[in-house]
Amino acid sequence: MTKEKYLDQLKQRLHGLPDTEINDALDYYDGYISDAEGGEEEAVAALGSPGEAAAHILANYVTSGRRSKSKAKNLKAVWSVILAVFAIPVGLPVAAAVAVVAVALLISLFAVIISFWAGGAAAVFAGVVYALMSVVVMTKDAAYALLIAGMGFAGAGIGILMFLAANAMFGRGLKVISKFVGKVILKSGKKIHNVKKTA
Amino acid sequence: MGITATGTLLDGCVLSFLRTEDAYGYNLTQRAKETLEVSESTLYPVMRRLQTDGFLSVYDIPHNGRNRRYYRITESGMSRLDECRGMWVAFRRKIDGIFFDGGAQ
(Lines give C-alpha, C1' and ligand atoms only; values in the text may rest on other atoms or scores of the structure.)
Protein backbone atom coordinates (compact mmCIF):
# COMPACT_ATOMS: atom_id res chain seq x y z
CA MET A 1 0.00 0.00 0.00
CA THR A 2 1.28 3.49 -0.78
CA LYS A 3 1.50 6.25 1.79
CA GLU A 4 -1.29 8.19 0.09
CA LYS A 5 -3.61 5.21 0.21
CA TYR A 6 -2.79 4.51 3.85
CA LEU A 7 -3.44 8.12 4.87
CA ASP A 8 -6.62 8.22 2.83
CA GLN A 9 -8.03 5.13 4.53
CA LEU A 10 -6.95 6.38 7.93
CA LYS A 11 -8.75 9.66 7.29
CA GLN A 12 -11.95 7.82 6.39
CA ARG A 13 -11.82 5.74 9.55
CA LEU A 14 -11.29 8.78 11.76
CA HIS A 15 -14.42 10.41 10.37
CA GLY A 16 -16.40 12.03 13.18
CA LEU A 17 -13.42 13.22 15.22
CA PRO A 18 -12.70 16.96 15.37
CA ASP A 19 -10.71 18.18 12.34
CA THR A 20 -7.74 19.15 14.51
CA GLU A 21 -7.46 15.56 15.76
CA ILE A 22 -7.73 14.09 12.25
CA ASN A 23 -5.16 16.50 10.78
CA ASP A 24 -2.69 15.92 13.61
CA ALA A 25 -2.92 12.14 13.15
CA LEU A 26 -2.50 12.42 9.36
CA ASP A 27 0.52 14.73 9.80
CA TYR A 28 2.04 12.30 12.28
CA TYR A 29 1.67 9.22 10.08
CA ASP A 30 2.78 11.14 7.01
CA GLY A 31 6.00 12.01 8.82
CA TYR A 32 6.26 8.55 10.37
CA ILE A 33 6.19 6.75 7.02
CA SER A 34 8.67 9.23 5.54
CA ASP A 35 11.03 8.75 8.50
CA ALA A 36 10.89 4.94 8.34
CA GLU A 37 13.96 3.11 7.11
CA GLY A 38 13.54 1.12 3.91
CA GLY A 39 10.93 1.79 1.27
CA GLU A 40 7.51 3.33 1.63
CA GLU A 41 5.74 0.01 1.00
CA GLU A 42 7.66 -1.78 3.76
CA ALA A 43 7.11 1.09 6.16
CA VAL A 44 3.37 0.99 5.57
CA ALA A 45 3.34 -2.80 5.93
CA ALA A 46 5.21 -2.61 9.25
CA LEU A 47 2.73 -0.03 10.46
CA GLY A 48 -0.19 -2.46 10.22
CA SER A 49 -3.63 -1.65 8.85
CA PRO A 50 -5.08 1.88 8.87
CA GLY A 51 -7.97 0.34 10.83
CA GLU A 52 -5.61 -0.64 13.64
CA ALA A 53 -4.11 2.85 13.88
CA ALA A 54 -7.60 4.37 13.78
CA ALA A 55 -8.82 2.00 16.51
CA HIS A 56 -5.96 3.08 18.79
CA ILE A 57 -6.71 6.75 18.15
CA LEU A 58 -10.48 6.42 18.64
CA ALA A 59 -10.15 4.29 21.79
CA ASN A 60 -7.78 6.83 23.27
CA TYR A 61 -9.97 9.75 22.33
CA VAL A 62 -13.05 8.19 23.91
CA THR A 63 -11.35 7.12 27.17
CA SER A 64 -9.20 10.20 27.67
CA GLY A 65 -12.25 12.13 28.91
CA ARG A 66 -11.54 14.90 26.45
CA ARG A 67 -15.15 14.69 25.34
CA SER A 68 -16.60 17.64 27.20
CA LYS A 69 -19.28 17.16 29.80
CA SER A 70 -21.04 20.33 28.69
CA LYS A 71 -24.78 20.41 28.20
CA ALA A 72 -24.37 21.34 24.55
CA LYS A 73 -22.40 18.15 23.91
CA ASN A 74 -24.97 16.04 25.77
CA LEU A 75 -27.69 17.62 23.70
CA LYS A 76 -25.65 16.68 20.65
CA ALA A 77 -25.53 13.10 21.91
CA VAL A 78 -29.31 13.07 22.33
CA TRP A 79 -29.72 14.41 18.81
CA SER A 80 -27.38 11.81 17.36
CA VAL A 81 -29.46 9.12 19.10
CA ILE A 82 -32.65 10.64 17.67
CA LEU A 83 -31.13 10.64 14.20
CA ALA A 84 -29.92 7.06 14.68
CA VAL A 85 -33.45 6.06 15.71
CA PHE A 86 -34.87 7.61 12.56
CA ALA A 87 -32.17 6.01 10.43
CA ILE A 88 -33.42 2.46 11.00
CA PRO A 89 -36.86 1.10 10.00
CA VAL A 90 -37.74 -0.18 13.51
CA GLY A 91 -37.00 3.24 14.88
CA LEU A 92 -39.73 5.11 13.01
CA PRO A 93 -42.80 3.66 14.83
CA VAL A 94 -41.00 4.05 18.15
CA ALA A 95 -40.17 7.68 17.39
CA ALA A 96 -43.75 8.31 16.25
CA ALA A 97 -45.16 6.80 19.44
CA VAL A 98 -42.84 8.90 21.60
CA ALA A 99 -43.81 12.03 19.66
CA VAL A 100 -47.55 11.33 20.04
CA VAL A 101 -47.21 10.73 23.78
CA ALA A 102 -45.15 13.90 24.17
CA VAL A 103 -47.73 15.98 22.27
CA ALA A 104 -50.60 14.49 24.32
CA LEU A 105 -48.77 15.32 27.56
CA LEU A 106 -48.12 18.87 26.38
CA ILE A 107 -51.77 19.39 25.39
CA SER A 108 -53.05 18.16 28.76
CA LEU A 109 -50.52 20.36 30.56
CA PHE A 110 -51.70 23.38 28.58
CA ALA A 111 -55.35 22.51 29.30
CA VAL A 112 -54.75 22.39 33.04
CA ILE A 113 -52.74 25.61 32.96
CA ILE A 114 -55.36 27.44 30.90
CA SER A 115 -58.17 26.34 33.22
CA PHE A 116 -56.19 27.63 36.19
CA TRP A 117 -55.59 30.92 34.42
CA ALA A 118 -59.27 31.23 33.54
CA GLY A 119 -60.34 30.36 37.10
CA GLY A 120 -57.84 32.82 38.53
CA ALA A 121 -58.96 35.58 36.18
CA ALA A 122 -62.62 34.98 37.04
CA ALA A 123 -61.90 35.06 40.79
CA VAL A 124 -59.91 38.29 40.50
CA PHE A 125 -62.63 39.90 38.35
CA ALA A 126 -65.40 38.87 40.75
CA GLY A 127 -63.33 40.08 43.69
CA VAL A 128 -62.87 43.52 42.13
CA VAL A 129 -66.60 43.76 41.31
CA TYR A 130 -67.53 42.84 44.91
CA ALA A 131 -65.11 45.38 46.31
CA LEU A 132 -66.60 48.11 44.08
CA MET A 133 -70.14 47.05 45.02
CA SER A 134 -69.26 47.37 48.71
CA VAL A 135 -68.41 51.05 48.14
CA VAL A 136 -71.88 51.63 46.59
CA VAL A 137 -73.67 49.78 49.42
CA MET A 138 -71.55 51.43 52.13
CA THR A 139 -73.97 54.36 52.77
CA LYS A 140 -77.01 52.06 53.17
CA ASP A 141 -75.72 49.10 55.20
CA ALA A 142 -72.17 49.25 56.59
CA ALA A 143 -72.09 45.64 57.88
CA TYR A 144 -73.29 44.23 54.57
CA ALA A 145 -70.78 46.41 52.70
CA LEU A 146 -67.92 45.04 54.83
CA LEU A 147 -69.08 41.48 54.19
CA ILE A 148 -69.11 42.08 50.42
CA ALA A 149 -65.69 43.81 50.53
CA GLY A 150 -64.21 40.88 52.48
CA MET A 151 -65.61 38.36 49.99
CA GLY A 152 -64.22 40.46 47.17
CA PHE A 153 -60.70 40.64 48.60
CA ALA A 154 -60.71 36.93 49.41
CA GLY A 155 -61.79 36.12 45.84
CA ALA A 156 -59.09 38.33 44.35
CA GLY A 157 -56.49 36.72 46.62
CA ILE A 158 -57.51 33.22 45.57
CA GLY A 159 -57.40 34.28 41.93
CA ILE A 160 -53.83 35.64 42.27
CA LEU A 161 -52.73 32.45 44.03
CA MET A 162 -54.18 30.40 41.16
CA PHE A 163 -52.14 32.46 38.70
CA LEU A 164 -48.96 31.82 40.66
CA ALA A 165 -49.75 28.10 40.92
CA ALA A 166 -50.44 27.90 37.19
CA ASN A 167 -47.11 29.55 36.36
CA ALA A 168 -45.19 27.26 38.70
CA MET A 169 -46.91 24.20 37.24
CA PHE A 170 -46.18 25.37 33.73
CA GLY A 171 -42.44 25.54 34.30
CA ARG A 172 -42.23 22.33 36.27
CA GLY A 173 -44.54 20.43 33.92
CA LEU A 174 -42.49 21.36 30.87
CA LYS A 175 -39.34 20.19 32.64
CA VAL A 176 -40.88 16.86 33.69
CA ILE A 177 -42.25 16.19 30.21
CA SER A 178 -39.00 17.05 28.43
CA LYS A 179 -37.03 14.91 30.89
CA PHE A 180 -39.42 12.01 30.34
CA VAL A 181 -39.20 12.30 26.56
CA GLY A 182 -35.40 12.54 26.70
CA LYS A 183 -35.21 9.43 28.89
CA VAL A 184 -37.47 7.41 26.59
CA ILE A 185 -35.47 8.46 23.56
CA LEU A 186 -32.14 7.55 25.13
CA LYS A 187 -33.51 4.24 26.37
CA SER A 188 -34.99 3.26 23.05
CA GLY A 189 -31.75 4.32 21.39
CA LYS A 190 -29.82 1.95 23.66
CA LYS A 191 -32.31 -0.86 23.09
CA ILE A 192 -32.12 -0.45 19.34
CA HIS A 193 -28.35 -0.35 19.58
CA ASN A 194 -28.40 -3.67 21.48
CA VAL A 195 -30.84 -5.24 19.03
CA LYS A 196 -28.54 -4.20 16.21
CA LYS A 197 -25.57 -5.73 17.99
CA THR A 198 -27.21 -9.09 18.59
CA ALA A 199 -28.82 -9.24 15.16
CA MET B 1 3.27 -13.18 24.62
CA GLY B 2 4.27 -11.15 27.62
CA ILE B 3 2.48 -8.46 29.59
CA THR B 4 1.25 -5.55 27.48
CA ALA B 5 1.95 -2.05 28.73
CA THR B 6 -1.06 0.26 28.56
CA GLY B 7 -2.30 3.58 29.94
CA THR B 8 -0.17 5.03 32.71
CA LEU B 9 2.67 2.60 32.00
CA LEU B 10 2.95 3.78 28.40
CA ASP B 11 2.73 7.41 29.56
CA GLY B 12 5.63 6.74 31.90
CA CYS B 13 7.66 4.97 29.19
CA VAL B 14 7.25 7.79 26.65
CA LEU B 15 8.08 10.43 29.28
CA SER B 16 11.15 8.40 30.32
CA PHE B 17 12.41 8.15 26.73
CA LEU B 18 12.09 11.93 26.41
CA ARG B 19 13.58 12.72 29.83
CA THR B 20 17.14 13.04 28.56
CA GLU B 21 16.66 13.99 24.89
CA ASP B 22 13.97 15.08 22.45
CA ALA B 23 12.84 12.60 19.81
CA TYR B 24 10.52 12.24 16.81
CA GLY B 25 7.69 9.74 16.45
CA TYR B 26 9.37 7.04 14.39
CA ASN B 27 12.47 7.08 16.55
CA LEU B 28 10.42 6.86 19.77
CA THR B 29 8.34 3.98 18.46
CA GLN B 30 11.41 1.97 17.41
CA ARG B 31 12.98 2.49 20.84
CA ALA B 32 9.77 1.39 22.54
CA LYS B 33 9.58 -1.70 20.32
CA GLU B 34 13.03 -2.82 21.48
CA THR B 35 11.75 -3.55 24.98
CA LEU B 36 7.94 -3.38 24.95
CA GLU B 37 5.46 -5.44 23.01
CA VAL B 38 3.81 -2.53 21.24
CA SER B 39 2.57 -2.27 17.67
CA GLU B 40 3.78 0.65 15.56
CA SER B 41 0.49 2.50 15.92
CA THR B 42 0.27 2.27 19.72
CA LEU B 43 2.33 5.30 20.66
CA TYR B 44 0.78 8.07 18.57
CA PRO B 45 -2.40 8.43 20.67
CA VAL B 46 -0.30 8.28 23.83
CA MET B 47 1.92 11.12 22.65
CA ARG B 48 -1.06 13.09 21.39
CA ARG B 49 -2.75 12.82 24.78
CA LEU B 50 0.43 13.75 26.65
CA GLN B 51 0.77 16.74 24.33
CA THR B 52 -2.81 18.00 24.83
CA ASP B 53 -2.42 17.52 28.59
CA GLY B 54 0.67 19.76 28.48
CA PHE B 55 3.19 17.07 29.44
CA LEU B 56 4.92 17.25 26.05
CA SER B 57 5.58 20.14 23.69
CA VAL B 58 6.31 19.80 19.99
CA TYR B 59 8.49 21.68 17.53
CA ASP B 60 9.39 21.16 13.88
CA ILE B 61 12.86 20.87 12.34
CA PRO B 62 13.32 20.85 8.55
CA HIS B 63 14.53 17.46 7.34
CA ASN B 64 14.82 16.28 3.70
CA GLY B 65 12.61 19.09 2.43
CA ARG B 66 9.84 18.62 4.96
CA ASN B 67 9.29 19.24 8.66
CA ARG B 68 10.09 16.57 11.20
CA ARG B 69 8.10 16.90 14.42
CA TYR B 70 10.09 16.54 17.64
CA TYR B 71 8.65 15.93 21.09
CA ARG B 72 10.09 17.52 24.22
CA ILE B 73 9.13 16.85 27.83
CA THR B 74 7.76 19.88 29.76
CA GLU B 75 8.11 20.83 33.42
CA SER B 76 4.71 19.34 34.23
CA GLY B 77 5.72 16.31 32.15
CA MET B 78 8.63 15.81 34.53
CA SER B 79 6.31 15.84 37.54
CA ARG B 80 3.93 13.53 35.68
CA LEU B 81 6.86 11.13 35.22
CA ASP B 82 7.52 11.24 38.97
CA GLU B 83 3.84 10.42 39.52
CA CYS B 84 4.01 7.50 37.11
CA ARG B 85 7.09 6.16 38.88
CA GLY B 86 5.33 6.39 42.25
CA MET B 87 2.26 4.60 40.90
CA TRP B 88 4.43 1.90 39.37
CA VAL B 89 6.32 1.27 42.63
CA ALA B 90 3.04 1.01 44.57
CA PHE B 91 1.54 -1.27 41.91
CA ARG B 92 4.60 -3.50 41.77
CA ARG B 93 4.53 -3.88 45.56
CA LYS B 94 0.89 -4.96 45.48
CA ILE B 95 1.36 -7.48 42.68
CA ASP B 96 4.49 -8.84 44.39
CA GLY B 97 2.45 -9.28 47.55
CA ILE B 98 -0.19 -11.25 45.69
CA PHE B 99 2.21 -13.28 43.58
CA PHE B 100 4.77 -14.20 46.21
CA ASP B 101 3.05 -13.84 49.59
CA GLY B 102 -0.43 -15.01 48.64
CA GLY B 103 -2.02 -11.59 49.08
CA ALA B 104 -0.47 -10.70 52.48
CA GLN B 105 0.22 -6.97 52.77
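The values are calculated or read from the model by the stated rules, or taken from the named source; none is laboratory data. Because the structure is predicted, anything quoted here is derived from the model rather than measured. Note that each Cβ is placed from the backbone with ideal geometry, even for glycine, and that neighbours are counted across all protein chains shown. Protein only, heavy atoms only, side chains kept; ligands, DNA and RNA dropped before computing areas. Shrake-Rupley method; radii C 1.70, N 1.55, O 1.52, S 1.80 Å.
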How many of the residues making up the stretch A:21-55 are part of a helix (DSSP H, G or I) and closer than 17 Å to B:Asn67 by Cβ?
13
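Quick test for you: out of B:Phe17, B:Phe55, B:Phe91, pick the one residue that is among the aromatic types (Phe, Trp, Tyr) and open to solvent by 60 Å² or more (accessible area, probe 1.4 Å). Break it down stepwise before answering.
Numbers: B:Phe17 fails: open to solvent by 60 Å² or more (accessible area, probe 1.4 Å); B:Phe55 fails: open to solvent by 60 Å² or more (accessible area, probe 1.4 Å).
Of B:Phe17, B:Phe55, B:Phe91, the one residue that is among the aromatic types (Phe, Trp, Tyr) and open to solvent by 60 Å² or more (accessible area, probe 1.4 Å) is B:Phe91.
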Go over the candidates A:Glu21, A:Glu52, A:Glu41 one by one and state the one that is within 11 Å of chain B (Cβ to nearest Cβ) and in contact (Cβ under 8 Å) with a residue 40 or more places away in the chain.
A:Glu21
Output for the stretch A:172-181, where each listed residue is within 11 Å of A:Phe110 (Cα to Cα) and not aliphatic (A, V, I, L, M)
A:Gly173
Keeping to the stretch A:1-20, report how many residues are under 19 Å from B:Asn67 (Cα atoms) and of a type in the set (D, E, K, R).
2
Residue set B:Gly65, B:Gly102; condition within 25 Å of A:Tyr6 (Cβ to Cβ), at pLDDT below 90 and not acidic (Asp, Glu); output residue B:Gly65
Counted residues, the stretch B:2-19 - those being assigned to a helix (DSSP H, G or I) and touching a Cys at 6+ places or on another chain (Cβ under 9 Å)
7
Scan the stretch B:62-75 and give yes if some residue there is within 13 Å of chain A (Cβ to nearest Cβ), among the charged types (D, E, K, R) and either surrounded by fewer than 14 Cβ atoms within 10 Å (Cβ to Cβ) or touching a Ser or Thr at 6+ places or on another chain (Cβ under 9 Å) (or both), otherwise no.
yes
Given (1) touching a Lys or Arg at 6+ places or on another chain (Cβ under 6 Å); (2) modelled with pLDDT under 90; (3) more than 8 Å from every other protein chain (Cβ to nearest Cβ), where does A:Lys73 come up short, assuming only one miss?
(1)
So, in the stretch B:34-50, of the ones that are more than 12 Å from the chain's Cα centre (by Cα) and within 13 Å of chain A (Cβ to nearest Cβ), which residue ends up nearest to A:Glu37 (Cα to Cα)?
B:Glu40
